[in-house]
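For reference, the structure is listed below as structure tokens.
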Amino acid sequence: MSVRSFRKVLGRSLLGMAALVTGAIFVSSAAAQVPPIPVPPGGIPGLPPGVPGGAPTGVPGLPPIPGIPAPGGTPAVPNIPGMPATLFSPTGSLLMPAMKDETKKIYQKEIDALAATKKSQVEKIPLLTDSSKEEVNAFAGCDDSGKTFVVLTEGMYQMLDLMSQCRATDETFGTNYCDEYLKELAKQQEGKAKILPLPPGLLDPTKSLDQKKLKRQRQLFQEAAGYVVGHELAHHYMGHLGSACTGGPGGTMKPGDAVKLIKKVVPAVNQINESQSDSEGIKNLLDAGQNEADYKWSEAGGLMVIEFFKKLRDLNPSSVLFTFMKTHPEPEVRVFVVKQTANLWRMQHPGAVTGNGGTGGGPTAPKLPIPTIPGIPAPAPK
């Protein structure tokens, strides 16, 4: 290549490079001056949240709000240490299988806590369930062959759950759901038993699934169920059922047998026997509760049951939800006997701790003198 040709090529190359640089500067400058494309408020359709141009993930400058489920979602039940994950529903109620399982365990713990002579009389008596949800009852009885059992209806389990839920919520949040619920419940008890759901506010996840509330709810349910089955066990080992039930343990029942079998054992039951079973059952519950690793059972659950049905009776004397109370002493007498027995038990067990330190006769409850009611025997030491 000649010198002249070389100079011509070099000149063209330098001009090309200059054009490229100039073009790049022009493009960069133009890009800086072009305004950005506006993004719709809900994001560009098809782009996921968090991606530039996608739907917003929250309000700028504000942290996400905890405890509120996504629309249409189901709130998760909190994982509380020491409590089975299958105990509560997503609305904060106790599940029926869980209640039955818990009560069977409490029943066995109460049998194991009895003195040897009493334990030998009831250790093989089964705890059964009647599937009736309209019959709210529990009773000690026997089948047609005289073989004995203790029965709770599913209606009773439901009521124990509803009581525990509203009481635990009221204690935790300072609300008054129990009284409001009882007013609505009493209105519906004309001619046929109806177990109504709780007021809508109790289904608020910020209350229903609160860990403190759930923990207290379980404590109250355990004490209430323990009071109920402890009372029925006492009818057996105190010999209250007489000649109607002398076939030994191991009775069975068919669905719907509850009403028929209740009528069979009611003639053997009287006011004195019921008060005696209240007293024996509370002592049994408190004894068994001392073997619990964490919360030591108190009489609070038993008082909750009695007072709940007392208020229902006061609001609607014709309520058919508390038919079983018509064969028992007046609630005022039962409350007295339960408190009397629990105070005496604590006097006899000065180092014992019961309850949570303030509710339902905890360790700070005063140990009062024990009065007596004419016609009702004072609780005998175990």
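Here are some notes:
- In the set (1) at pLDDT 90 or above; (2) over 14 Å from V228 (Cα atoms); (3) in contact with a strand residue (DSSP E or B) (Cβ under 6 Å, 6 or more places away or on another chain), the condition left unmet by V150 is number (2).
- Only one entry of K264, K326 meets the criterion of being within 28 Å of A186 (Cβ to Cβ), in a helix (DSSP H, G or I) and modelled with pLDDT under 75, and that entry is K326.
- Test: K109 is part of a helix (DSSP H, G or I) and surrounded by fewer than 16 Cβ atoms within 10 Å (Cβ to Cβ): no
- Enumeration of residues in region 205-249 that are surrounded by fewer than 16 Cβ atoms within 10 Å (Cβ to Cβ) and under 30 Å from N176 (Cα atoms): T206, Q211, K212
- Candidates P255, P331, filtered to the one that is buried (at least 19 other Cβ atoms within 10 Å of the Cβ), of a type outside the set (K, R) and modelled with pLDDT under 95: P331
- Enumeration of residues in region 158-194 that are touching a Lys or Arg at 6+ places or on another chain (Cβ under 7 Å) and either surrounded by 16 or more Cβ atoms within 10 Å (Cβ to Cβ) or at pLDDT 90 or above (or both): Q158, A168, T169, E171, T172, F173, C178, L182
- The listed residue being free of Cβ contacts under 8 Å to residues at least 12 places away in the same chain, surrounded by fewer than 18 Cβ atoms within 10 Å (Cβ to Cβ) and under 15 Å from G226 (Cα atoms), out of D101, D144: D101
- Of all the listed residues (K124, K100), the sole one being of a type in the set (K, R), assigned to a loop (DSSP other than H, G, I, E, B) and at pLDDT 95 or above is K124.
- Close pairs (7 angstrom Cβ cut-off, 6 or more residues apart or separate chains): touching a residue at least 12 places away in the same chain (Cβ under 8 Å) and part of a loop (DSSP other than H, G, I, E, B) in region 295-321, acidic (D, E) and buried (at least 17 other Cβ atoms within 10 Å of the Cβ) anywhere: W297/E223; S298/E223
The values are calculated or read from the model by the stated rules, or taken from the named source; none is laboratory data. This one's a predicted model, so the numbers in the text were calculated from it and none came from an experiment. Don't worry about glycine lacking a Cβ; one is built from the backbone with ideal geometry, like all the others, and counts go over all protein chains shown.
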